[in-house]
Number of protein chains: 2
Amino acid sequence: MVTIYDVARQAGVSPATVSRVFNGIKVTPDRVEAVKRAAAELGFVPNRNARRLRTSSSEIIAMMVPDIENPFFTVMTRAVEDLARAAGYSVMLCNTDDDPGREQEYLRVAVSDPVAGIILVPSTRTTDLSLPLERGVPVVCVDRRAPGGLVDSVVADNVAGAQAGTQLLFDAGYHRVACVTGPEQVETALERLEGYRAAYRANVRDEPPSDYVQRTEYTIAGGEAATRALLALPHPPDAIFAGNNKLASGVIRVLAELDSLPPAVGVVSFGGLPLVLLTPQGIMVTHLPPRSLGTTAAEMLLERIQGLTEPPREVVLPVVVGDEESGLAVIEGFTAR
Amino acid sequence: MVTIYDVARQAGVSPATVSRVFNGIKVTPDRVEAVKRAAAELGFVPNRNARRLRTSSSEIIAMMVPDIENPFFTVMTRAVEDLARAAGYSVMLCNTDDDPGREQEYLRVAVSDPVAGIILVPSTRTTDLSLPLERGVPVVCVDRRAPGGLVDSVVADNVAGAQAGTQLLFDAGYHRVACVTGPEQVETALERLEGYRAAYRANVRDEPPSDYVQRTEYTIAGGEAATRALLALPHPPDAIFAGNNKLASGVIRVLAELDSLPPAVGVVSFGGLPLVLLTPQGIMVTHLPPRSLGTTAAEMLLERIQGLTEPPREVVLPVVVGDEESGLAVIEGFTAR
DNA sequence: CTGTTAGCGCGTTCAA
DNA sequence: TTGAACGCGCTAACAG
């Protein structure tokens, strides 16, 4: 392995000078030239590990998401990577599958690396952040609020978005609007349910019947099961508010199977459907802003890495109805009314 | 920062013993116990940079893909991450956007890290691998063959797959089958074109007319433009073989716009369409095996990291027609016939 | 089995 | 502005 000592000898300078050249510290021009030539001849590549050990810094940002295969997190991750690279950082990808054990394992890896910072989608509202907190590794939570409000977070306005989404269904003339949302321990599921309830109350002047609220895993299968259950009720709903894109997929699939696609049964998906070529007519979508979430989280993390010491901040991004920020393709004339 | 020296003092042993405990090297049980307790009390987390510097090793695998937002690469990356984690490695995500400059930049980063190994989707057939090669960093190419055959690679059988896909259209009764594929410098585009040609020749007993072959960027916009061009021909095709999923999306969107979806104009997409909820009837899909590609590449890389010194290997995975390995959801009754 | 010692490659003092 | 010398935290070699 070629080191700064080899380069120094070849260039006839000291190792310290080589180091300075590679760190942009003032050195006489002709020496800079000599060092650069020597480095090129020897194929010198600086060893980042030595650098990191010495400076106890790193140029890696850990990105911890439930599952990169969910397009929502894919887009968010890509946004983070773009900003990170522009700032000279690399991104370490960690899929937690919303498993707190896996999450802690990754936090331990990130802390012992140690990475420059962490962007985290917390798996629960009680995720233990003491590992990074104790070691002073900055954390920014995204999509879900920081446990205990201990660190910065960037979230979408789930309550308002869900309320607006549910309202779309009432506005379209549906009356018996049900809700399929995620499990108890997931914060976004709770907030979206709250938004749904608010809209329901505002339109019906009553609480939704308890069997109109289905809570299940954030999966396609969960959406399917919940939809079957709803349609089997004595007084089945005539419209469904789906709490995320996977649930909506399940809802739509079952409705298609039962030949009950909109307008027979109205549907709103909270969060854009993944690259839908031909959105079935009448399905309405509330767009979450994954790219903005990622960009904002990355910006906030970079500020923290650069030493910002303000108390934890919370940014709430608006949820847009009918926006295309998510980059999803929708064909005119085939899209939602 | 708590170091092994702090733990050693607290536990009444030497730093080397602490190191041994954390590396699973034989130590008397009660000392192990003492070290573990001391470490827990002090909140000790080993510093990987120091370890890496000392052992000149790393537990990071660099995953270089054109764009993580393409579901094909998303799935592949997830497969890699799963295997990597199981083997104790982390994954560094690098989006090259098929830009050779970006690719070299990332290779430089990976080499100077230095990472344990690299999984690369080469942006061109002439990508320069000398950086990792000189520094002895193992590289496995995936989806596209290794430039110069210098390292291992795992690819799909594009020629046979494209031939089979095109054949589907002839079998369905179409006669004037056109092809939309990717740009010259991309190897997969070339191979898929070759498969298309073979199928065309076998059925028509002639070469396809030159204006039936459209070469464009692997983008939705490219697919759209190519489709418009094809349909504007004096003798327009009655079916289109699309060389990848993005092209197919463009094709389908234009056909939908012109009210010429199958069966009016037949379509085969090479590669699964991204989480298509309701695949328009009659669109046929040839499934690439992104998960297998990722898994195989990761396995081969791990072998290289462990010191395997065989000459470069090339694995060709079969392309399956009608398979669902890609994890894409297709509704029964709405899927391809 | 354990402790002592000596670097891994680099950045940063401190003097010159 | 430059070079010599030190040490980041850890593990490999050695001696005990």
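Read-outs: derived from the displayed coordinates by stated rules, not from any lab. Bear in mind that the values here come from a model prediction, so they are computed numbers and not experimental data. Backbone-built Cβ (ideal geometry, glycine too); neighbour counts: all protein chains shown.
Comparing segment A:122-199 with the 2.2 N^0.38 Å rule of thumb, its C-alpha radius of gyration ratio is 1.39 (two decimals). For A:Val321, the residues whose amide H sits under 5 Å from its own are A:His287, ignoring neighbours fewer than 5 places away on the same chain, with H placed 1.01 Å from N. Sort the protein assembly as shown into rounded, prolate or oblate with this rule: let a ≥ b ≥ c be the square roots of the eigenvalues of the Cα gyration tensor; rounded if a/c is under 1.5, and if a/c is not under 1.5, prolate when a/b is larger than b/c, oblate otherwise. Cα axes put the protein assembly as shown in the oblate bin.
R0 = 35 Å: FRET efficiency of B:Ala86 with B:Asp171, Cβ-based, nearest 0.05? Efficiency, from the Cβ-Cβ distance: 0.25. Near B:Arg313, the amide H atoms lying under 5 Å from its own belong to B:Asp152, B:Ser153; only residues 5 or more places off or on other chains count, and H is placed 1.01 Å from N. For A:His235 and A:Gln185, the FRET efficiency from 1/(1 + (r/R0)^6), where r spans their Cβ atoms and R0 equals 51 Å, is about 0.95.
Computed from Cα atoms, the angle from the helix B:158-171 axis to the main principal axis of chain B rounds to 30 degrees.
Debye-formula intensities of segment A:1-107, expressed as log10 I(q)/I(0) at q = 0.17, 0.20, 0.22, 0.24 Å⁻¹, are -0.83, -0.98, -1.10, -1.21 (one equal scatterer per alpha-carbon, no solvent).
Here the dipole of segment A:35-83 is about 520 debye; that uses its Cα centre as origin and unit charges on the Cβ of Lys and Arg (positive) and Asp and Glu (negative). 3J(HN,Hα) along segment A:60-68, derived from phi through the Karplus expression 6.51 cos²θ - 1.76 cosθ + 1.60 where θ = phi - 60°, amounts to 10, 10, 8, 10, 10, 10, x, 7, 4 Hz, with x in place of Gly and Pro. About its Cα centre, chain A has a charge dipole of approximately 1200 debye under the convention of +1 per Lys or Arg Cβ and -1 per Asp or Glu Cβ, with nothing else charged.
Note that segment B:136-145 has calculated 3J(HN,Hα) couplings of x, 8, x, 10, 10, 8, 9, 6, 10, 4 Hz, one per residue in order, obtained from phi through the Karplus relation 6.51 cos²θ - 1.76 cosθ + 1.60 (θ = phi - 60°); glycine and proline are x.
In order along segment A:247-258, the phi-based Karplus estimate (6.51 cos²θ - 1.76 cosθ + 1.60, θ = phi - 60°) of 3J(HN,Hα) comes to 4, 4, 4, x, 4, 5, 5, 5, 4, 4, 4, 8 Hz; Gly and Pro are listed as x. Between B:Ala16 and B:Glu299, the simple label model (points 7 Å from Cα in the Cβ direction) yields a spacing of 4.1 nm.
Against chain A, whose longest principal axis comes from its Cα atoms, helix A:100-112 is set at around 20 degrees. Spin-label model, B:Thr55/A:Thr55: points 7 Å from Cα along the beta carbon direction are separated by 2.5 nm.
Taking 0.36 nm per residue of separation and subtracting the Cα-Cα distance, full extension of the segment from B:Val315 to B:Glu33 would add 96.8 nm. Based on Cα atoms of chain B, Rg over Rh with Rh as the Kirkwood radius reads 1.13. Remark: segment A:40-129 carries a charge dipole of roughly 480 debye about the Cα centre, counting +1 on each Lys and Arg Cβ and -1 on each Asp and Glu Cβ. Arranged from fewest to most other beta-carbon atoms within 10 Å of their beta carbon, A:Asp30, B:Asp82 become A:Asp30, B:Asp82. For B:Ile240, the residues whose amide H sits under 5 Å from its own are B:Ala178, B:Gly266, B:Val267, B:Val268, ignoring neighbours fewer than 5 places away on the same chain, with H placed 1.01 Å from N.
The angle separating the long axis of helix A:29-42 from the principal Cα axis of greatest extent in chain A is about 70 degrees. DSSP finds beta bridges in the protein assembly as shown, and of those with both partners inside it, around 10 percent are antiparallel. Computed with the Debye formula from one identical point scatterer per Cα of segment A:72-113, without solvent, the log10 of I(q)/I(0) at q = 0.30 Å⁻¹ comes to -0.99. Exposure proxy for A:Arg197, B:Arg9: other Cβ atoms within 10 Å of each Cβ, ordered fewest to most, give B:Arg9, A:Arg197.
Straight-line reach only, C-alpha to C-alpha below 28 angstrom: list the lysines that A:Lys36 could link to, leaving out same-chain residues fewer than 8 apart. Correct list for A:Lys36: A:Lys26. The order of A:Met92, B:Met1, going from fewest to most other C-beta atoms within 10 Å of their C-beta, is B:Met1, A:Met92. Note on A:Ala202 and A:Arg228: with the Förster distance fixed at 35 Å, the Cβ-Cβ geometry gives a FRET efficiency of about 0.80.
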